[in-house]
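Structure first, commentary second.
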Amino acid sequence: MAYDLLIIGAGLSGLFAGCLAARRGKKTLIIARGIGGTHVGTGTIGIASGDPSTLNTLLSTPEHPYSLVGRKALKAAIEQFKAICVEAGYPLHGEIGKNITLPTAAGGTRQTCLISKTMCAGDLNRRGPLALANLPGFRDFSAALAAANLSHVTLSREAAKSLSGTNANEAGIPTITLPLPHPPTHRDSYATDLALLFDLPGYRDELIAAWQPLLTDVPKRIGLPAVLGLEHAVEAKQHLDSALGVELFEIPILPPCVPGMRLFNLLRDDFQNHGGRLIIGPVVSGRIENGRAAVAADTNGRVKEYKAEAVILATGGFLNGGLVAEFDGKIRESVFGLPVPAPAKRSEWTSELFLGPHPFARFGLRVNKNMQPLNADGKPIASNLRAIGSILAGADRLSEGSREGIELGTAWRAVETVA
Amino acid sequence: MKLSTEILVLGGGATGLGAAWDAALRGFKTVALEKGDLAHGASGRYHGLLHSGGRYVIRDPQSARECAAENALLRKIIPSAIEDTGGFFVTTPADPADYADQFLAACKTCSVPVAEIKPAEALKREPLLNPKISRALCVHDASCDSFDALHLLAGAVKAADGEVMLRHRVTEIIKSRDRVVGVAGENLTTGEHFTIYADIILNCAGAWAGRIAEMAGCEVKVTPGKGVMIAMNTRLVNTAINRCKPPDDGDILVPVGTVSIIGTTDTAVPDPDKFAVEDWEVELLMAEGEQLIPSFRQHRALRAWAGVRPLYEDTKPPPGGGSEPPGGSRAKDSRLMSRAHALLDHETRDGVAGMLSMVGGKFTTFRHMAELLVDAACAKLNTERKCTTKNTLVEPAGTKLHTLSKRLSNLEGVTQHATRPPDYSATRPPDALICECELVTRAQIEQHVRESGSPIINDLRRDLRLGMGPCQAGFCAYRAAGIVHETLRLSNTNVNSQLKQFLQERWKGERPLMWGHSLRSLELDLHIYKNIFGVDTLPTERETEVYPTERTS
């Protein structure tokens with residue numbers, strides 16, 4: 001069986017590219033070693049932090065993925081992504097060029113562009129006091145520390161005053177202890193454990209009964225760790241909000257990331273509903289033959305060749321296995337062994353400061369405007385090969401707040417050129 | 001703060017706390033000062049081997065004998081800090097074939113217990129070991145958690161009415177004519193100035209002993225010998241494995257807790273506070289590791305660090321009290337410098353009374369060194385009090401040697417994790433496991449923080465092993481910061497500073513090893529702390545210190 005398009009990698013860029021191609025009627029296969037970066041993300045779509053000029057700068061920085069994608073394609077990608085989310089019943093809030101400032105679970109701030117409705121009430125530029133919920137026994141969220149830090153956040157004085165209540169800033173942001181009925185007693189809960197409970201209407205009824213009496217006399221915007229349901233998050237929030245008379249909002253916490261998993265699930269469903277095929281598990285290897293990319297997958301020793309007109313490499317950066325740093329100071333692209341330029345001395349890859357910025361963040365594949373990986377001479381390595389997402393060189397995604405924007409924009413651009 | 005004492009010990013490593021414990025047991029009013037935390041120097045930065053003596057039988061028989069005797073004693077005195085791993089000396093194809101026979105003969109001479117087993121038997125016990133080994137000699141090596149050992153000792157000092165003062169830095173030695181009468185310095189936690197007068201001062205400052213002596217106007221040449229070690233992220237072996245050859249770089253692999261540690265290199269450095277882990281040292285240790293374990297490079301290197309051995313170079317003839325250092329002095333290669341200890345009487349040596357120094361030596365023989373030192377102090381103070389540390393148990397009689405499974409059984413003892421079947425009616429959630437890698441619970445952290453009053457997360461690491469496992473604090477640092485904040489009710493800016501400092505401290509040891517899974521792990525950690533938590537946006541009380549011990553290359 002031959003495919004029009006084969007995508008390697010099932011993270012945000014691979015799945016989105018799959019949806020785009022499948023929606024265009026292309027016979028598409030996504031094949032991946034494992035689940036991608038969505039599960040360790042924040043479930044939000046960052047394009048560029050800071051004011052709108054940051055995005056303009058990146059769009060005009062040579063070799064930055066955004067400059068290769070261009071504003072028009074980036075915008076189209078974001079619009080299409082939002083449309084898919086709306087269709088899935090999980091609409092995202094926000095628009096390109098405007099950032100939303102959200103609280104982090106440590107009480108810091110993070111700027112991002114698109115957020116789920118479950119996070120909207122956390123927008124720090126919105127008026128009105130807020131509180132943070134402490135879920136006793138749940139170790140992955142420290143409401144007290146987050147609240148203490150958020151009380152010091154330097155927003156506009158008006159906004160700060162507004163956040164911390166009617167009177168003075170000194171009062172700070174309060175925390176409310178909201179116990180969970182039936183905490184699991186045999187082991188610690190992860191975000192996913194709680195999210196699965198929040199999916200159940202019966203469990204939410206118990207929460208409402210337990211929390212109702214605790215919510216008199218507290219701010220009505222209440223932040224809690226991002227556990228508001230995995231499959232039925234929007235429904236769970238509406239149910240709790242209306243019954244409790246509050247506006248809950250989610251704050252992303254330590255992985256596993258429930259909002260990211262929702263994005264994975266909705267993209268996977270959209271892809272499959274449009275006829276795409278998804279295989280997760282095999283070790284994928286590729287080779288370049290006569291200027292074309294060919295792909296084989298090894299499932300426990302059984303090797304299968306897959307034929308496809310075009311191949312998109314969406315295997316991610318170091319974290320997700322697209323790039324591998326070797327002991328000898330070489331960096332290898334993990335599927336095709338494509339060249340990845342980097343300094344030979346490992347000490348030049350990182351900064352002496354943990355929080356960086358680290359030079360390795362910019363390592364990756366060089367591509368042209370068609371997302372074709374280039375060799376040292378700047379020529380495409382294979383006519384039918386594209387590379388997208390976090391494997392691309394030239395961006396410090398953490399410092400720029402650009403990870404998801406690059407994923408979506410490059411996926412859009414690559415599919416445009418092959419399908 | 002001003003106080004006076006009979007015996008003042010400078011240094012909170014094994015030698016210093018050993019001396020403080022010994023002196024307190026003999027009934028002296030005793031104070032021990034340490035500029036950092038317990039085990040700040042070489043005691044906290046070695047490979048964890050409790051020497052059988054085997055390593056020294058050929059070059060330094062005296063040290064070998066002392067190690068063998070002290071090894072047996074420490075197993076009785078501080079058993080819960082010691083895991084009886086046993087040790088092998090193995091002859092790999094890269095090692096001199098005739099060394100094993102010399103080694104066996106020398107062990108006999110030095111009373112170091114040894115037994116030869118068949119290589120096949122050694123491979124059965126340690127399946128990852130190089131299958132080409134030709135000899136395997138069993139010795140009584142053990143693995144010793146020096147943080148645990150020093151905590152036990154500090155407790156024993158206090159139980160004997162002595163005092164241990166941490167984060168007290170000595171800046172001045174107070175003299176009256178030619179006599180040392182006390183010290184002055186700064187309490188680094190409070191910034192308060194302190195003065196302590198003492199009848200006699202015992203300088204046990206390890207690699208810093210030369211500086212202390214200099215403050216008293218005495219010249220003591222202590223060469224800091226840097227040793228680099230790498231922790232691999234699993235127990236590749238359950239037995240301490242030594243190369244059967246003359247001591248050399250990367251000749252030992254020790255199982256410690258959940259990891260195994262390969263050590264060491266040995267280079268003289270000019271300053272015990274300024275040294276770096278160099279790329280060549282990492283490469284050398286990884287290559288030597290392959291001689292012992294052929295698949296070595298396929299395992300993940302977790303953390304690299306360096307300790308500074310206090311190597312004493314005798315600049316003056318010993319006045320009788322000290323042992324002559326074998327191996328020759330002023331050797332260019334610090335590996336050839338003596339590991340033996342030397343007791344310096346500054347009165348006869350330098351004409352400065354009131355101070356004795358114990359320099360050189362090794363962790364395994366700390367009790368013996370302490371005994372010699374306090375004996376000498378008794379002589380100076382004209383009193384005769386017998387040493388009792390040989391027969392004094394630091395832990396209750398019947399305490400067992402540490403075993404790896406002990407952490408799990410401890411956990412089952414203190415939490416509801418063991419409840420079978422789960423009790424769903426219980427409203428109290430289980431005691432949360434905060435550091436999954438090293439099995440540290442919320443209750444342990446709360447108790448520790450309450451007792452110490454210290455918000456320093458790095459202290460929790462030393463004391464509870466928080467953040468020492470495969471994820472290198474990626475997950476637990478945030479959780480621990482929250483608990484410290486809630487328990488001590490400190491300002492958020494202080495806790496933020498502690499969190500950032502801890503992350504920086506963890507990064508220091510990971511940076512020399514940035515390839516393979518370690519780089520992946522870094523990207524995950526950055527993602528967690530920069531993207532999810534926005535740690536760089538948190539208000540802090542002070543700048544994060546970047547320690548000068550990081551790589552310079």
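Of note:
Here's the yes/no breakdown for (1) without any contact (Cβ under 8 Å) to a residue 24 or more places away in the chain; (2) farther than 15 Å from B:Ile7 by Cβ; (3) in contact with a helix residue (DSSP H, G or I) (Cβ under 8 Å, 6 or more places away or on another chain):
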| site | (1), (2), (3) |
| --- | --- |
| B:Leu153 | no, yes, yes |
| B:Asp161 | no, no, yes |
| B:His168 | no, yes, no |
| B:Ile174 | yes, yes, no |
| B:Gly185 | no, yes, no |
| B:Leu188 | no, yes, no |
| B:Phe194 | no, yes, no |
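- Boolean, A:Thr42 is surrounded by 18 or more Cβ atoms within 10 Å (Cβ to Cβ) and within 14 Å of another protein chain (Cβ to nearest Cβ): yes
- Residues located in region B:129-177, provided they are modelled with pLDDT under 95, part of a loop (DSSP other than H, G, I, E, B) and within 30 Å of B:Gly54 (Cβ to Cβ): B:Asp145
Residue by residue, here is whether (1) of a type outside the set (Val, Ile, Thr); (2) buried (at least 19 other Cβ atoms within 10 Å of the Cβ) holds:
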{"position": "B:Val157", "(1), (2)": "no, yes"}
{"position": "B:His168", "(1), (2)": "yes, yes"}
{"position": "B:Glu172", "(1), (2)": "yes, no"}
{"position": "B:Lys175", "(1), (2)": "yes, no"}
{"position": "B:Asn187", "(1), (2)": "yes, no"}
{"position": "B:Glu192", "(1), (2)": "yes, no"}
{"position": "B:Asp199", "(1), (2)": "yes, no"}
{"position": "B:Ala213", "(1), (2)": "yes, yes"}
{"position": "B:Pro224", "(1), (2)": "yes, yes"}
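- If you go through region B:386-407 and keep only what is over 21 Å from B:His151 (Cβ atoms) and crowded, with 16+ Cβ neighbours inside 10 Å, you end up with just B:Cys387.
- Residue tally, condition within 15 Å of B:Leu522 (Cβ to Cβ), surrounded by 20 or more Cβ atoms within 10 Å (Cβ to Cβ) and among the small types (Gly, Ala, Ser), over region A:321-341: 1
- Helices (runs of 4 or more DSSP H) wholly inside region B:435-553 that include at least 3 residues being at pLDDT 90 or above, within 7 Å of another protein chain (Cβ to nearest Cβ) and within 27 Å of A:His358 (Cβ to Cβ): B:476-488, B:492-510, B:516-526
- Count of residues meeting criterion [out of contact with any Pro (no Cβ under 6 Å at 6 or more places or on another chain), in a helix (DSSP H, G or I) and within 12 Å of chain A (Cβ to nearest Cβ)] in region B:262-284: 3
- In this entry, A:Val324 passes the filter for residues that are under 26 Å from the mean Cα position of the chain (by Cα) and outside any loop (DSSP other than H, G, I, E, B).
- The helices (runs of 4 or more DSSP H) located wholly in region A:1-88 that include 3 or more residues which are within 17 Å of the chain's Cα centre (by Cα) occupy A:12-23, A:71-87.
- Single residue of B:Leu38, B:Leu10, B:Leu17, B:Leu33 found to be under 30 Å from B:Pro455 (Cβ atoms), at pLDDT below 95 and either touching a strand residue (DSSP E or B) at 6+ places or on another chain (Cβ under 9 Å) or buried (at least 24 other Cβ atoms within 10 Å of the Cβ) (or both): B:Leu38
- B:Asp60 fulfils the conditions (1) touching a Pro at 6+ places or on another chain (Cβ under 7 Å); (2) of a type outside the set (A, V, I, L, M); (3) surrounded by 24 or more Cβ atoms within 10 Å (Cβ to Cβ) except for a single criterion, (3).
- Qualifying residue in region A:384-397 (condition: among the polar types (S, T, N, Q), surrounded by fewer than 22 Cβ atoms within 10 Å (Cβ to Cβ), in the same structural domain as A:Gly316 (by TED's automatic domain parsing) and in contact with a strand residue (DSSP E or B) (Cβ under 7 Å, 6 or more places away or on another chain)): yes
- A:Phe360 meets all of the listed conditions (1) within 14 Å of chain B (Cβ to nearest Cβ); (2) of a type outside the set (D, E, K, R); (3) in a loop (DSSP other than H, G, I, E, B) but one, namely (3).
- Hey, A:Leu408 in a helix (DSSP H, G or I), within 18 Å of A:Gly37 (Cα to Cα), more than 14 Å from chain B (Cβ to nearest Cβ) and within 24 Å of the chain's Cα centre (by Cα) or not: yes
- Restricting region A:54-77 to residues that are touching a residue at least 40 places away in the same chain (Cβ under 8 Å) and in contact with a Phe, Trp or Tyr (Cβ under 9 Å, 6 or more places away or on another chain), the residue that is farthest from A:Asn370 (Cα to Cα) is A:Leu55.
The values are calculated or read from the model by the stated rules, or taken from the named source; none is laboratory data. Everything numeric in this text was worked out from a predicted model, so none of it was measured. Here Cβ is always computed from backbone atoms with ideal geometry, including for glycine, and neighbour counts include all displayed protein chains.
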